Amino acid sequence: MDLKDLYRDVILDHNRQPRNFGALAHSDAHAEGHNPLCGDRLTVWLRFDGDRIADIRFEGKGCAISTASASLMTEAVKGKDKAAIKELYDRIHVLLTEPHAVADASLGKLAALGGVNEFPARVKCATLCWHTLNAALERSADAVSTEE
Amino acid sequence: MATALATPPGNFDAERVRRDFPILQQHVNGRALVYLDNAASGQRPLAVLRAVEHYETHTHANVHRGVHTLSQAATDAFEGARERARRFLNAGSTREIVFVRGTTEGINLVAQSFGRARLGRGDEILISALEHHANIVPWQMVCEQTGCTLKVAPINRRGEIELDALLGLLSSRTRLVAVAQVSNALGTVVPVERIVQAAHSCGALVLLDGAQAVAHAPIDVRALGCDFYAFSGHKLYGPTGIGVLYGREELLQEMPPWQGGGEMIRTVSFEHTTYNDLPWKFEAGTPNISGAVGLAAAMDYLESLGLEALAAHEQRLLAQATAALERLPGIEIIGTAAHKAAVLSFTMRGCHPHDLGTVLDSQGVAIRTGHHCAMPVMTFFDVPATARASFGCYNTEADVAALVAALEKAREVFG
Ligand SMILES: Cc1ncc(COP(=O)(O)O)c(C=O)c1O
């Protein structure tokens, strides 16, 4: 078990200075995520441009893995549409949970989360932001579909 | 801490005690295991493992049910364990010793049997703000079922129950006071004698949650004067899935059973069922027999160490660890009561407790991180979680040093 593999420089950097941190004014959707086991809380705000995420911000209290994962996620999904986000999430999920998964170059900075794979107790920390994002996306879909 | 330093050096030989615990002889992540999660669960000494093994290999059968030799031997072992638990608590009679799965089940038993039958609108149950969820949720459930009200005595910034406020909340409406003797999240030792006295003078009963107290000091339920006392075997180096609820005989006698089934009945017909005597009235179904045997062995073991000497040893470790952590930059100790058990909750600036737990684990140091089943305590101190090191009979000064070194490592990683 190698700590450096979990706490890579990219992770420590995004933990110390999370990107896109703080509430987003005039958001189209938001959702709150909570991991009662460790007390992590997270809010994700979205603004759309058609089907694409024009802007995304988050705020919350959590461990380094959860904060860095959220920060990296906001950078990665900005400008993407729902289909692309779903595809990205599936690949991240494989990276975090499948034994011996290796990150391919297309994941970019998100590849830094690869070390979490060896720390099963910490996988939930890394996925909290993605579940919250999915909830916000679903809510926006609901909101659209229930509109008069 | 001053009191802890004032305790005489004593002759408690934790190194020798350590050899009684096979699980501690291992390496975790390449380092000698340093187990500092005793408030969550203690480890088992050989004496307990052997007692359980002996029972399982020579004695096991169902209890109270047969005339054959093993059934009688198993019954003797099980009832012998009950007598052992009676002595451990200095209860007056084995009729007052109900075997349960643990503290949680003991409290639920009182809540459902006593609470549901006796409480109603206008009645109040009083707890404190430092309780474990196991001493909160069962009472909330009773309140929902009966319409009675839950009152909560506040704590102060040191993590001590505000005694005046608690006394102020006592009234003729108070039917039951349920408090921990020692807080698992903060280590606070609660002045339960004082609370018992005040509650009784208002006509209220008292349940003590002894989960964190039993492994650290001799318990005398008659001296404490409490009406109910609940604890878990696994916190005193016994097996999981076994614990004890002590209840004063007159009270248990009047309380209805809470679960129905075999063992708890005298006669059953479709028209009418009569219940068994105490304590079996509260023990429906086949009990955890080997667990009770292991628990009895754990009590023997614990008393053989000398509870006074053990308490002094743990206080020394607590004082050393507290002093060491106070010297580390960015560490804040949560729970600074004047009287504490060997539980040290803390946070480190810039490093979430969860990350701390992972870094310490990589160094072979096992601590607990999270809310410790005491979310209201976390809310009070405005932290999402804490890291908690808790000491037991096999911990040594070297373990304190390993904790400190691992915290320095965390500081190195997180800058
Ligand atoms: C103060 C306190 N009460 C109750 C419990 C619940 O004990 P158990 O889970 O063994 O039933 C615990 C255990 O963590 C505790 O520390």
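A few comments on the model shown:
- Wholly within the stretch B:65-151, helices (runs of 4 or more DSSP H) carrying at least 1 residues that are within 16 Å of the ligand (Cβ to nearest atom) and farther than 18 Å from B:GLY294 by Cα: B:103-109, B:137-146
- Consider the stretch B:366-382 and keep the residues that are assigned to a loop (DSSP other than H, G, I, E, B) and in contact with a Lys or Arg (Cβ under 7 Å, 6 or more places away or on another chain). The one that is farthest from the other protein chains (Cβ to nearest Cβ) is B:ILE367.
- Check on B:HIS339, of a type outside the set (A, V, I, L, M), open to solvent by 30 Å² or more (accessible area, probe 1.4 Å) and within 14 Å of chain A (Cβ to nearest Cβ): no
- Matching residues in the stretch B:168-198 - criterion: being in a helix (DSSP H, G or I), away from the ligand (no atom under 13 Å from the Cβ) and without any contact (Cβ under 8 Å) to a residue 40 or more places away in the chain: B:GLY168, B:GLU193, B:ARG194, B:ILE195, B:VAL196, B:GLN197, B:ALA198
- Some residue of the stretch B:60-72 being closer than 30 Å to B:ILE195 by Cα and surrounded by fewer than 17 Cβ atoms within 10 Å (Cβ to Cβ): no
Listed here are the residues, each with its yes/no results for (1) within 29 Å of B:ALA40 (Cα to Cα); (2) surrounded by 16 or more Cβ atoms within 10 Å (Cβ to Cβ); (3) within 16 Å of the ligand (Cβ to nearest atom).
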{"site": "B:VAL221", "(1), (2), (3)": "yes, yes, no"}
{"site": "B:LYS235", "(1), (2), (3)": "yes, yes, yes"}
{"site": "B:THR273", "(1), (2), (3)": "no, no, no"}
{"site": "B:ASN276", "(1), (2), (3)": "no, yes, no"}
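- Screening B:VAL152 on (1) among the hydrophobic types (A, V, I, L, M, F, W, C); (2) open to solvent by 50 Å² or more (accessible area, probe 1.4 Å); (3) more than 30 Å from B:THR347 (Cα to Cα) shows it passes everything except condition (3).
- Checking each residue in the stretch B:384-408 for being open to solvent by 20 Å² or more (accessible area, probe 1.4 Å) and more than 8 Å from chain A (Cβ to nearest Cβ) picks out B:GLU397, B:ALA398, B:ALA401, B:ALA402, B:VAL404, B:ALA405, B:GLU408.
- Among (1) open to solvent by 40 Å² or more (accessible area, probe 1.4 Å); (2) closer than 18 Å to B:HIS352 by Cα; (3) free of Cβ contacts under 8 Å to residues at least 24 places away in the same chain, the one test that A:VAL102 misses: (2)
- Helices (runs of 4 or more DSSP H) fully within the stretch A:43-146 counting 2 or more residues that are in contact with a strand residue (DSSP E or B) (Cβ under 8 Å, 6 or more places away or on another chain): A:64-77, A:123-145
- Whichever residue in the stretch B:237-270 is assigned to a loop (DSSP other than H, G, I, E, B), away from the ligand (no atom under 16 Å from the Cβ) and within 30 Å of B:LEU49 (Cα to Cα) and, among such residues, is modelled with the lowest pLDDT: B:GLU263
- Number of residues in the stretch A:13-34 that are open to solvent by less than 20 Å² (accessible area, probe 1.4 Å) and within 14 Å of chain B (Cβ to nearest Cβ): the value is 2.
The values are calculated or read from the model by the stated rules, or taken from the named source; none is laboratory data. Given the structure is predicted, the values throughout are model-derived calculations rather than measurements. All Cβ positions, even for glycine, are placed from backbone atoms using ideal geometry, and neighbour counts span all protein chains on display. These accessible areas exclude ligands, DNA and RNA; they are computed on the full protein's heavy atoms, side chains included. Shrake-Rupley method; radii C 1.70, N 1.55, O 1.52, S 1.80 Å.
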